[in-house]
Number of protein chains: 2
Amino acid sequence: MSLALDPAAQDLLFREAHTAQKFSPEPVTEEQLRAIHDLVKFGPTAFNQSPLRVTLVQSPEARERLVALLSDGNKAKTASAPVTAILSADAEFHQELDVLLPAIPGAKDMFFSERPVRERSALSNAQLQAAYFIIGVRAAGLAAGPMTGGDMEGIRKEFLDDDHLPLMVVNIGRIAEEEGAHHPRAPRLSYEQVFTTV
Amino acid sequence: MSLALDPAAQDLLFREAHTAQKFSPEPVTEEQLRAIHDLVKFGPTAFNQSPLRVTLVQSPEARERLVALLSDGNKAKTASAPVTAILSADAEFHQELDVLLPAIPGAKDMFFSERPVRERSALSNAQLQAAYFIIGVRAAGLAAGPMTGGDMEGIRKEFLDDDHLPLMVVNIGRIAEEEGAHHPRAPRLSYEQVFTTV
């Protein structure tokens, strides 16, 4: 074995984890969501900018408004997920940098005074954190169902504001124990297809 | 404990992991890099598009060319890292979709016939995979040192081609056991600062 991570953890996070298509009705607790955050908040971002924001859609009324904006193939599973989260990038993340980056006083104004720079940086770093978040959901023994189709601009208008750029919507819950709860594992690229050496 | 992942794995991947500033001279083996790939290749991407590509910079000559294109603060640590990887997004990822996505024959032409659509999709999905890759490096008991500063367009011209969009450069190795091998842990945002509920 070339990995230090134990095989059970490899299975939980990657090998046996699947994007969920059906969830059990068991609720996701706030305690679980806090535990996920308290783990994945340590994942690295450039300048520790930590731009990911999470909007939990929980009330039946809000759920209904969200489902209407998703693509048809995602409506039923989202309606039945215990929790659905809208992940977004905060283009005003620099307001927190004095606290997040004490090693570089003034980084906020030195590097991030321009909005287009912040938007680019927030989008790419929040996308890293979206991946940490998916791993964190799995670390909690839950399954994630990330979705990028649908009317993302509509989702922004309905649930976010001009400072938050939507990345994806993620259903969260315990995966159903039944046929079709996840798709069969699709092939992956080989090491040789992905890696080259110079 | 609200997480299913055991505490040792939590520490290895997140709590005790740090972006490395100094590496031990111990080499990183191809076996380790293959094991990382064989784990993180299972991380989810939209349509299983798997657009991340990894260019390992190993020859002293190539290393020198890369170091010249990095920002000053990143030159010394990159020169001393056992392996440095350029992570990029393959804008022609759709060429592999017939294999990667057998469930949707023709997805390549249905969804990804236009280059700008592919570039946007490749960038955001490869960025997710960059996060899985960082987690994978840590799963191998190694430390990652991701860097986004420097002359990325120069790196593209020197090491990639027009179809590959550079995301970041990552130093990989065992973290040095000495003062300054990593920065002190910086603060993180609270659950309340990141999560809202509707």
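The values are calculated or read from the model by the stated rules, or taken from the named source; none is laboratory data. Please read these numbers as outputs of a predicted model, since none were measured by experiment. Positions of Cβ are generated from backbone atoms using ideal geometry, with glycine treated the same way; all protein chains shown enter the neighbour counts.
Filter segment B:24-41 down to the residues that are touching a Leu at 6+ places or on another chain (Cβ under 9 Å) and not in a helix (DSSP H, G or I) and list them by number.
The answer is B:Val28, B:Lys41.
Scan B:Gly150, B:Gly106, B:Gly173 and give me the residue that is among the small types (Gly, Ala, Ser) and under 27 Å from B:Arg34 (Cβ atoms).
Being among the small types (Gly, Ala, Ser) and under 27 Å from B:Arg34 (Cβ atoms) holds for just one of B:Gly150, B:Gly106, B:Gly173, which is B:Gly173.
Could you say whether any residue in segment B:89-96 is part of a loop (DSSP other than H, G, I, E, B), touching a residue at least 12 places away in the same chain (Cβ under 8 Å) and farther than 28 Å from A:Gln129 by Cα?
First, the residues of segment B:89-96 that are part of a loop (DSSP other than H, G, I, E, B): B:91-92.
Retained after the next criterion (residues that are touching a residue at least 12 places away in the same chain (Cβ under 8 Å)): B:91-92.
Pick out the ones that are also farther than 28 Å from A:Gln129 by Cα and you get none.
The answer is no, given that none of the residues of segment B:89-96 is part of a loop (DSSP other than H, G, I, E, B), touching a residue at least 12 places away in the same chain (Cβ under 8 Å) and farther than 28 Å from A:Gln129 by Cα.
Name every residue in segment A:135-177 that is assigned to a helix (DSSP H, G or I) and of a type in the set (Lys, Arg), in order of residue number.
Quick first cut of segment A:135-177, residues assigned to a helix (DSSP H, G or I) only: A:135-139, A:152-159.
Those that are assigned to a helix (DSSP H, G or I) and of a type in the set (Lys, Arg): A:Arg138, A:Arg156, A:Lys157.
Considering only segment B:143-163, state which residues are crowded, with 21+ Cβ neighbours inside 10 Å and not aliphatic (A, V, I, L, M).
Selection gives B:Gly145, B:Pro146, B:Gly150.
Would you confirm whether or not segment A:67-77 contains a residue that is among the small types (Gly, Ala, Ser) and part of a loop (DSSP other than H, G, I, E, B)?
Restricting attention to segment A:67-77, the residues satisfying the condition of being among the small types (Gly, Ala, Ser) are A:68, A:71, A:73, A:76.
Those still in the list that are part of a loop (DSSP other than H, G, I, E, B) too: A:71.
Yes, because at least one residue in segment A:67-77 is among the small types (Gly, Ala, Ser) and part of a loop (DSSP other than H, G, I, E, B).
For B:Ala20, work out the one condition from (1) at pLDDT below 95; (2) exposed (fewer than 15 other Cβ atoms within 10 Å of the Cβ) it doesn't fulfil.
Looking at each condition in turn, B:Ala20 falls short on (2).
Restricting to segment A:45-86, count the residues that are crowded, with 20+ Cβ neighbours inside 10 Å and closer than 30 Å to B:Pro187 by Cβ.
Within segment A:45-86, residues that are crowded, with 20+ Cβ neighbours inside 10 Å and closer than 30 Å to B:Pro187 by Cβ number 15.
Is there a residue being more than 10 Å from every other protein chain (Cβ to nearest Cβ), within 10 Å of B:Leu52 (Cα to Cα) and touching a residue at least 60 places away in the same chain (Cβ under 8 Å) anywhere in segment B:117-140? Walk me through it before giving the result.
Of all residues in segment B:117-140, those more than 10 Å from every other protein chain (Cβ to nearest Cβ) come to B:117-120, B:122, B:137.
Now narrow it down to the ones that are within 10 Å of B:Leu52 (Cα to Cα): B:122.
In the following step, the residues that additionally are touching a residue at least 60 places away in the same chain (Cβ under 8 Å) were identified as B:122.
Yes, because at least one residue in segment B:117-140 is more than 10 Å from every other protein chain (Cβ to nearest Cβ), within 10 Å of B:Leu52 (Cα to Cα) and touching a residue at least 60 places away in the same chain (Cβ under 8 Å).
Just one of the numbered conditions (1) under 20 Å from A:Leu87 (Cα atoms); (2) modelled with pLDDT under 95 is not true of A:Leu142; which one?
Condition not satisfied by A:Leu142: (2).
I need a count of the residues in segment A:42-72 that are at pLDDT below 95 and small (Gly, Ala, Ser).
Counting residues in segment A:42-72 that are at pLDDT below 95 and small (Gly, Ala, Ser) gives 1.
Counting only residues that are among the hydroxyl-bearing types (Ser, Thr, Tyr), surrounded by fewer than 24 Cβ atoms within 10 Å (Cβ to Cβ) and in a helix (DSSP H, G or I), which one in segment A:109-134 is nearest to the chain's Cα centre (by Cα)?
Step one: filter segment A:109-134 for residues among the hydroxyl-bearing types (Ser, Thr, Tyr), giving A:113, A:121, A:124, A:132.
Of the ones still in play, those that are also surrounded by fewer than 24 Cβ atoms within 10 Å (Cβ to Cβ) are A:113, A:121, A:124.
Retained after the next criterion (residues that are in a helix (DSSP H, G or I)): A:121, A:124.
Working: A:Ser121: 17, A:Ser124: 13 Å.
Ranking the qualifying residues of segment A:109-134, first place goes to A:Ser124.
Hey, can you tell me all the residues within segment A:18-41 that are in contact with a His (Cβ under 9 Å, 6 or more places away or on another chain) and more than 7 Å from chain B (Cβ to nearest Cβ)? First the steps, then the outcome.
From segment A:18-41, those in contact with a His (Cβ under 9 Å, 6 or more places away or on another chain) are A:18-22; that's our starting set.
Within segment A:18-41, A:His18, A:Ala20, A:Gln21, A:Lys22 qualify.
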